[in-house]
Structures are given as structure tokens and as C-alpha cells.
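Working notes, structure below.
What follows draws every value from the coordinates through simple rules; no lab data is involved. Worth saying up front: this structure is predicted, and the values here are computed from it rather than measured. We place every Cβ from the backbone using ideal geometry, glycine too, and count neighbours over all the protein chains shown.
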Amino acid sequence: MALIEIKDLHASVADKPILKGINLTIKPGEVHAIMGPNGSGKSTLSNVLAGNEAYVKTAGQVLFDGKDIDDLAAHERACAGMFLAFQYPVEIAGISNMYFLKAAVNAVRKYQGKDQLDAMEFLDLIEEKKKVVQIRDDLLARAVNSGFSGGEKKRNEIFQMAMLEPKLGILDETDSGLDIDALRVVADGVNALRSPDRGFLVITHYQRLLDYIVPDFVHVLVDGQIVKSGGKELALSLEDEGYASWVEEKGA
Amino acid sequence: MDLKDLREKAAADFKANGFPTTKDEQWRFTDVSRVANTEFSTEWTAASVDFEPLSKIVLVFENGKLSRKKSSFDELPKGVCIGSILDLVDPRIGTLADSQSAFVSSNTACFSDGAFIEVPEGVQMDTPIHLVYLADAEGVALHLRNFISAGKGSAVTVIEEYIGQENATYWTNAVTEVFVADEGSVDHYKVQCESASSFHFQTLETHLGTNAIFSNHTVTLGSVLGRNDIRGKLAGEGGEAICNGLYLLKDKQHFDTHIFMDHAVPKCNSHELYKGILDDKAWAVFCGRILVQKDAQETDAIQSNANLLLSRGAKVNTLPQLEIYADDVKCTHGATIGELNETALYYLQTRGIDPIKGHAMLTFAFANEVLDEVKCKTAKTYIEGLVHDWLENASI
Ligand SMILES: Nc1ncnc2c1ncn2[C@@H]1O[C@H](COP(=O)(O)OP(=O)(O)OP(=O)(O)O)[C@@H](O)[C@H]1O
Ligand SMILES: [Mg+2]
């Protein structure tokens, strides 16, 4: 069974149609990359999937794990195993990263009918996940993303993903703002999380990330539609030629 | 001036000026006629109000009088002097708190007791001093006067806590004068959990020497009508004043915070972070005045006031007042009145946290930011507990 099946998805933001019929299926174990010009609707797609209420689905269907997600609120989708690494992670003053992570992990566990982790078990989990995605202790102690550098925020997103062990990880431009070393840490983390029952949707502008996280499929999103799909070599040709030909074709 | 003369002068001042009215610029939003028009008695009774000592050193005042029985302040570091202000008169009493204000002058004229704390040069006290003011007497005025002096290079932590019996109607009128000598440090907390039908007014006056540090956190939960006047004078270069506070108001509570920070000399810092959460028909007033005098170059003053309204009936008046006469200064201020950040709520949701829990977390976080600079662990834990309990009963 597909992990997620997106069928003819249309969505609007502030009454403006952005997604105009997306079709995409991700099977367990697969990594799909989406590339596309600024404003083409990549973040909109990730927000619609994650359940952001500011984005309104106007037509189509999304099946996650075989179930329609229409009636699931954002937190229920997260608990069901969907994870969105934000393009712009949100700063939350006054809540420590540790406290936030514990609340998140236990919320997901509760939904999934698992026991709550106590303080010791939680710290053990943190230590275990630090081996997957290195993160400085002071970042864990500080308020969520508050005053984090751009790269630190992105690393924190991937650390959260490691902690929550989702079925589907949606990475919205996780590579932007990362230096070369941090990019490798994040990519290694994602690769470590790759497994036969987990899928990824990786949104990026750059081939560089896909050198590390090698995708099974690459899709080109232009003006709210997937205009081309292919293997990992498609990303390479985009790097050379840009989107101009697609944008023109659509415009014509 | 000796104490007797001081009291007489203050009584005369009070008689001449009377209570302020809403026609006074500084009292525009806070109508004190309910206090002015009530005849308060000064008859003393013992108090039966529960409290939790937060330190080995604790002074307990029952309806305005020090209770030796409930207090414990025997084991003190060498040279430290703690006791009743009536026994330990200091010529500096009354030199900071000016009699122009009706609340200060009536306090000076009438104070029945209060804490006296003197920490000599070079003594750094690790143990906080907990001052507890218990009130349950109906219809009384409690004029409390505290004096805190931290000698050169000394350090002391003082927690003032006001606790009232539910539904008792009384008037607390407190004045605290704080002298921080050069290189000295005073970490001061004020926790106000007065009865919901009481009136609570306090003037806190601070004088800071060279490289002195004064850190102040106020937490206001009680009283139906009240005000904190917090005034700091940065009188020596390199001084630092931190004034942070939180007011959590509900029902028809009205609470006013007036801060006045006087930068008289160069190279001083002052930080003020005040936050309020208002439920029901509560009304908060915040006025933060920063004066940077002509010679006070390289001043760094930051002020911010943020308010979270949980109900449509709640109201806030926030008024920053900057008066800057020096040219090389860094001065910022900001005020907000709003609701919870929806983006943050969504972010929490995408991590599996449901909106109800998310609301509670964000509301607590909003309040908790005020406690970021709290140095005293005991005070922090205690205050966090109070905030938590308050939020449990609020409409979130
Ligand atoms: N909240 C919003 N209100 C109004 N318009 C919006 C909103 N969110 C997105 N849009 C618009 O939707 C379009 C698609 O935006 P989206 O963020 O999905 O693009 P993107 O492909 O992720 O671009 P980028 O590569 O720059 O991240 C843009 O034209 C954007 O201005
Ligand atoms: Mg985007």
C-alpha cells in the first residue's frame, strides 16, 4: 500500500488558487524530491498535507496510510506519523526545546497507545537521537528556536524528526541556510532514518542536497502542477537548464 | 531628621495633598477613591493565614506586626542585621521615598512595622531572606515599611510575599527603600497574593551606587485594586537595574504598574520586561518612564510590556514614556496587546500537541519569559507554581 496518495489536489490560500491538480504517490521506503521555482506552491503543498488551516483544500483527495486525512487536524496527522520540517521554523519564547520535545514525543505516544516516557527514559531517547543528528546541549536547553541561527533551526527540525520517528518526513528546503558541514550532518541524519517503511518528500532548490540524500524520484512543480517527473538525473538537468523551459511552456 | 519629625512632616504632607484623583496625570487610569473614601481601622489582631517558608531566614508579619514566634532569623552571617524596622532605625529611612505621594506620606506617618535588613560590606548571603506579610483583618490599613541596605560588594536576596485571607477587605500600603552600595547586589522579589477584595499599594524605591546591581521581579495575582510604584535611581556609573514583572488578573481586578527609572550618570543599564495575562473584566495599567539625564551618556535602557487578553472584557492601558536628554544612548521600548500566536500554535500541532495543550503551553511560556532572569531557584520554582495554578483556572 502507498504511504501517501495525493490525487488531483487543488488548494487555495486567501482565496487564491495555488495548487492546481497535484498527483503524487509515495510508497514506503521511497524518497521523492520536489523542485520548482519560487512561488510555485511547494510550501503550500507541504502545509496542506500537514493540515495548516490557512490553506484550504478545494478539490481532490489525500490518502495517508490508506486513510483520507480530510477530517484529521494538524496534530492528529502528526500523531498518525506525518512530519513537516518547516522552511521557516517558528521561534517560541519561553518553552525550552527539551520540554517541547517531551510534550511532542508523549503526545504522539499517547495517540499511538504507547506508554508515556518518564524523565529518565526521555533523556535516554535524547542521547540515542543525538547519535543520529548531532545537536548541541545548549540548543536543547534554550527556548524553541529562539535566537537560533538559520542553520541551527534546520538542524533542530531534523532532530525533532528523529525524535518523533514519523512514517513520512516532509522536508521543506531543509538545506537552505546550512553550511557544508551542517548539510552533511542533516543529510546523514535523514539517511540514517531512511528505512523500508518510511518515506520522504524532500523539497529543495539545489542538487547539492540530492547528492547526499539520493532520491528515487524527482518532480518538477511549476504553477501548482507537477510538470515533469523522473529519476535522480532530472535534478541534474534542472541544475543546468533551470525552469525556464517549463515556465514558458506553461505560460504559452 | 529623626523618625518622629519625619512622621510629623509626612502627616502634614498627607493632610495637605490628600489622595490623588484621576485628574492627576500619574493616576489617570487608576481611581483610588474606594481607598480614599474608606475609614480604615488600625486595630491589631493576630492572623491565621497559611504560608510556606521559602528560606531558613523568614520574617513574618501578621496584620502589620512582626511575629517573633512565626519568624526565624537567629543564625545570620557575621555583621548582618535583620529585624523590625521599629528597633533598628536608620537615618536613611525616608530619604528615598519622597513624601509627595499620598501613599508614601501616609505610610511614613503611620507605619506600624516592617523589615530592616542591613548587609555589611563584602558579605555575600547565599540564603534568601523571606519576608511574609499575612493579612486577614477586616477593614484595617496595614502600613508596612521596609528598609534594605546592601553594603559595598555585598549580595543579598530578598523575597517579599504578601498573602491575604480570601475575601478579607483591607488596605496594604507598603513602602520599601533599597540602598545598593558600590559593587553591591540586591536580588529582590515581590509576590503579591493578597485577598481578592483587598487594596494593595506599594512604593519600591531603589538607589544604586557604582557598578551596583538591582534585580527585581514582581508577580501580582491578588487585590481588587492596586498599584506598584517601582522607582530606581542609577546614581553611580556601571549600575544595572532589572525590573521584570508579571500580572495575572481576572474578574474585576484593576492593577497599575508605574516604573520610573532615573539614569542620572553614564554607562548604566536598565531592563524592564513586564507581561500581563488578563481574563474576564480585568484592567491593567502599565506606565514605564525612563529618564536619561544630560550627563548619562552610554545609557542602555530597554523596556517592553506585552499583554495577553483571554477575554473580550479585559482591558490594558500601556504607556511608555521616554525622556532622553543625553545623545549617546541606546533606548528601546515596545508594547503589545494581543492574543496567542497562531503560527506557534500550528507549529506545536505539527509536532502532535493538541490545540488545548498548545494554548496552555504558549500561555505559560508567555508568562514564563518574565522569569528568565530569575537567579534565585527557590523563588523561580515557587513563582512558576503560582503561575501554573492561576492558569489552571483561567479561560484557556
Ligand atoms: N498565507 C498566504 N497568503 C497569501 N498568499 C500566500 C500565502 N502563502 C502562500 N501564498 C502565495 O502562494 C504562492 C505559493 O507559495 P509557496 O510558499 O507555496 O511557494 P514555494 O514554492 O514554496 O516558494 P519558495 O521556493 O519561494 O519557497 C505564492 O505566490 C505565495 O505568495
Ligand atoms: Mg517554500
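Give me the one-decimal Kirkwood hydrodynamic radius in Å for chain B, with the sum taken over alpha-carbon pairs.
21.3 Å
Testing the spin-label approximation: label points 7 Å from Cα along Cα→Cβ at B:E392 and A:E233. State their distance in nm.
Rounded to a tenth, the inter-label distance reads 6.6 nm.
Please check: in the Gaussian network model of chain A (C-alpha springs, under 10 Å), which one of A:M82, A:M161, A:M98 has the largest mean-square fluctuation.
Residue with maximal mean-square fluctuation among A:M82, A:M161, A:M98: A:M98.
So for chain A, what are the equivalent ellipsoid semi-axes in whole Å, largest first, each being the square root of 5 times an eigenvalue of the Cα gyration tensor?
Numbers: eigenvalues 176, 88, 56 Å².
Three semi-axes, in Å: 30, 21, 17.
Counting other Cβ atoms within 10 Å of each Cβ, which GluC sites (Glu not before Pro) in region B:27-75 have at most 13 and sit in a DSSP loop? Let's see the in-between values first.
Working: sites: B:E39, B:E43, B:E62, B:E75; in loops: B:E39, B:E43, B:E75.
Answer in residue order: B:E39, B:E43, B:E75.
Give the span of region B:178-332's Cα atoms along each principal axis, as three whole-Å numbers ordered largest to smallest.
Projected onto its principal axes, the Cα set of region B:178-332 covers 45, 27, 17 Å.
Which of B:H207, B:H388, B:H333 comes first, and how do the rest follow, when ranked by fewest Cβ neighbours within 10 Å?
B:H388, B:H333, B:H207
Can you list residues whose amide H is under 5 Å from A:I34's amide H, if they're 5+ apart or on another chain and H is modeled 1.01 Å from N?
Those qualifying (amide H under 5 Å, at least 5 residues apart or on another chain) are A:V202, A:I203, A:T204, A:H219.
Longest segment of chain A with no trypsin sites (Lys or Arg not before Pro) in a DSSP loop having at most 12 other Cβ atoms within 10 Å?
It runs A:137-252.
Once you charge only the Cβ atoms, +1 for Lys and Arg and -1 for Asp and Glu, what is the size of the charge dipole of region B:3-341 about its Cα centre, to the nearest 20 debye?
Dipole size: approximately 580 debye.
In whole Hz and in residue order, list the ³J(HN,Hα) couplings for region A:29-37 that follow from phi through the Karplus curve 6.51 cos²θ - 1.76 cosθ + 1.60, θ = phi - 60°; x for Gly and Pro.
Here the 3J(HN,Hα) series is x, 8, 10, 10, 10, 10, 10, x, x Hz.
If you line up the Cα atoms of region A:22-170 on their principal axes, what length do they span on each, largest first, in Å?
If we take the Cα atoms of region A:22-170, the spans are 45, 37, 29 Å.
Pick out, in residue order, every one of the trypsin sites (Lys or Arg not before Pro) in region B:159-236 that is DSSP loop and has at most 11 other C-beta atoms within 10 Å; say none if there are none. Don't jump to the answer; show the numbers that get you there.
Details: sites: B:K190, B:R227, B:R231, B:K233; in loops: none.
Filter output for region B:159-236: empty list.
Farthest toward the dipole's positive end in chain A, which of A:L183, A:I135, A:A50, given Cβ charges of +1 (Lys, Arg) and -1 (Asp, Glu) about the Cα centre?
A:A50
Once label points are set 7 Å from the Cα along Cα→Cβ at both B:T378 and B:Q321, what is their separation, rounded to one decimal in nm?
3.7 nm
Can you list residues whose amide H is under 5 Å from B:T206's amide H, if they're 5+ apart or on another chain and H is modeled 1.01 Å from N?
HN-HN under 5 Å from B:T206: B:V178, B:R231, B:G232, B:K233.
Counting other C-beta atoms within 10 Å, and keeping those with at most 10, which DSSP coil trypsin sites (Lys or Arg not before Pro) do you find in region B:1-79? Could you put the intermediate results ahead of the total?
Numbers: sites: B:K4, B:R7, B:K9, B:K15, B:K23, B:R28, B:R34, B:K56, B:K65, B:R68, B:K69, B:K70, B:K78; in loops: B:K23, B:R28, B:K56, B:K78.
Passing sites in region B:1-79 are B:K23, B:K78.
Translational D (Stokes-Einstein, µm²/s) of region B:78-186 at 25 °C and 0.890 mPa s when Rh comes from the Kirkwood sum over C-alpha pairs?
167 µm²/s
Rule-of-thumb check for the protein assembly as shown: C-alpha Rg over 2.2 N^0.38 Å? Walk me through the numbers on the way to the answer.
Values: Rg = 30.0 Å, N = 648, 2.2 N^0.38 = 25.8 Å.
Taking the Cα Rg and dividing by 2.2 N^0.38 Å, one obtains 1.17.
Provide the net charge surrounding A:F100, with neighbours chosen by a C-beta distance below 12 Å and charges set as Lys +1, Arg +1, Asp -1, Glu -1. Provide the component values of the computation, followed by the final result.
Values: positive: A:K102, A:R142, B:R351, B:K357; negative: A:E91.
Result for the local shell: +3.
Under 13 Å from the Cβ of B:E138, count the other residues' Cβ atoms, weight Lys and Arg +1, Asp and Glu -1, and hand me the total. List each step's numbers first, then the result.
On the way: positive: none; negative: B:E39, B:E43, B:D136, B:E166.
Here the charged neighbours net out to -4.
Under a 10 Å cutoff between Cα atoms, tell me which one of A:G29, A:G230, A:G94 has the largest fluctuation in the Gaussian network model of chain A.
A:G94
Over region B:3-341, what is the relative contact order in whole percent, taking alpha-carbon pairs under 8 Å and six or more residues apart? It would help to have the intermediate numbers written out before the result.
Numbers: 1023 pairs, mean separation 37.2, N = 339.
Relative contact order of region B:3-341: 11 percent.
³J(HN,Hα) across region B:237-244 via Karplus (A = 6.51, B = -1.76, C = 1.60, θ = phi - 60°), whole Hz, x for Gly/Pro?
Result, ordered by residue: 4, x, x, 9, 10, 10, 10, 10 Hz.
Counting C-alpha atoms alone, how compact is region B:333-396: give Rg to one decimal and Dmax as a whole number, in angstrom.
13.3, 36
Please state the shape class of region B:128-263: rounded when a/c is under 1.5, otherwise prolate if a/b exceeds b/c and oblate if not, all from the C-alpha gyration tensor.
In terms of gyration-tensor shape, prolate.
When the convex hull of the Cα atoms of region B:23-77 is projected onto a plane and the area is averaged over all directions, what value comes out in nm²?
Here the figure is 7.1 nm², rounded to one decimal.
Give me the net charge of B:L310's neighbourhood, meaning all other residues with Cβ under 14 Å from the Cβ of B:L310; Lys, Arg count +1, Asp, Glu -1.
Residues close to B:L310 contribute a combined charge of 0.
Any idea what the relative contact order of region A:4-250 is, in percent, if you count C-alpha pairs under 8 Å spaced at least 6 apart?
28 percent
If you place +1 on the Cβ of every Lys and Arg, -1 on the Cβ of every Asp and Glu, and leave all else neutral, what size is the dipole of the protein assembly as shown about its Cα centre, to the nearest 20 Debye?
In total the dipole reaches around 720 debye.
Which of B:S223, B:L291, B:T176 sits farthest toward the positive end of the charge dipole of the protein assembly as shown, with +1 on the Cβ of Lys and Arg and -1 on the Cβ of Asp and Glu?
Among B:S223, B:L291, B:T176, the one farthest towards the positive end of the dipole of the protein assembly as shown is B:S223.
Which cross-chain or sequence-distant (5 or more) residues have an amide H under 5 Å from the amide H of B:E161, H modelled 1.01 Å from N in plane?
B:L131, B:V132, B:Y133, B:V191
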